[in-house]
Each structure stands twice: as structure tokens, then as C-alpha cells.
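Some notes on the structure that comes next.
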Amino acid sequence: VCAQGRNLKAVLCQRCGSRVLLPGAATFARRELLLPAMRKKAVAAAGGGGDVVREHWLVRDMFSFENVGFTRDVGNVKFLVCADCEAGPIGWHCLDDKDSFYVALERVAHE
């Protein structure tokens, strides 16, 4: 994290290494969120088990992402997945807040 609270390194998919965010594209944030267990996109959207995550990269513009996909709506939430291998969810987006996309630090790698 740099002095401004932004990511110093690129954010990558843990499974395939695909680049999710470029350096400086997100801000460190703490927020308690429940994410389903890491699985392929279709299984993740169906639910079943999960983890409470507290540390995230907060992205304010969906076009800041290099390579991310979104699940279908699950209530008022869309989960973020790797667009290449569909591993996830790596993050969370509430449809009530159009400008907040959370990427869980423990679910991604850094380069």
C-alpha cells in the first residue's frame, strides 16, 4: 500500500495469474463481507458455505478492472470472478452502490 492507500502492485488471480487490477487502481479498505467459498462461477453463485473477509481493494469504477467477470444477481449483490478461469468469487459488488467494488485481499495474489 502506498502513502495514498492505493495498491503498489498489480492484483492477480490466484489460480491462473491473470491480471485483475493494475498498480494504483484501487484503495485499501476494511469492511466485513461474507463471500461464498472459492469455486467456479456457476457453483459460487448457487451459494453454500463461505468466509467472512475484512480487507479489500476498493475500486470505484468498474472500467478500472483489467480482467474481471460478474455473476448473475444474488439478491442485490453481484460477485466478482476471474474472467479467464472463472475462479471466485474474488470480490463483491452491491447493486445499491454503483461505485463500490470490493476485491478480497486474501483471494488474490500480488505482483
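Before moving on, here are some points about what is shown:
- In range of the label at Asp61: residues from segment 1-37 whose backbone nitrogen is under 14 Å from the point 7 Å along Cα→Cβ: 22, 24-27
- The apolar share of the surface of the chain, taken as the fraction of accessible area on carbon and sulfur atoms (1.4 Å probe, ligands and nucleic acids excluded), comes to 49 percent.
- Cα-centre dipole for the chain with unit charges at Cβ (Lys and Arg positive, Asp and Glu negative), debye to 20: 140 debye
- Probing with 1.4 Å while keeping every protein chain in the model, the per residue accessible area of the chain equals 52 Å².
- Distance between modelled label sites at His110 and Ala29, nm, 7 Å Cα→Cβ extension: 1.8 nm
- Residues whose amide H falls under 5 Å from that of Gly50, counting only those 5 or more places apart or on a different chain, are Ala37, with hydrogens built in the peptide plane.
- Recomputing semi-axes √(5λ) of the Cα gyration tensor in Å from the coordinates shown identifies the correct label among (i) 20, 15, 13; (ii) 30, 16, 15; (iii) 46, 27, 16 as (i).
- Gain on full stretching of the segment that runs from Leu22 to Asp99 - 0.36 nm per residue minus C-alpha separation: 25.9 nm
The values are calculated or read from the model by the stated rules, or taken from the named source; none is laboratory data. Nothing here was measured: the structure is a model prediction, and the numbers come from that model. Using ideal geometry, Cβ is built from the backbone for each residue, glycine included, and neighbour counts are taken over all protein chains shown. Only protein heavy atoms, including side chains, enter the accessible area calculation; ligands, DNA and RNA are left aside. Shrake-Rupley method; radii C 1.70, N 1.55, O 1.52, S 1.80 Å.
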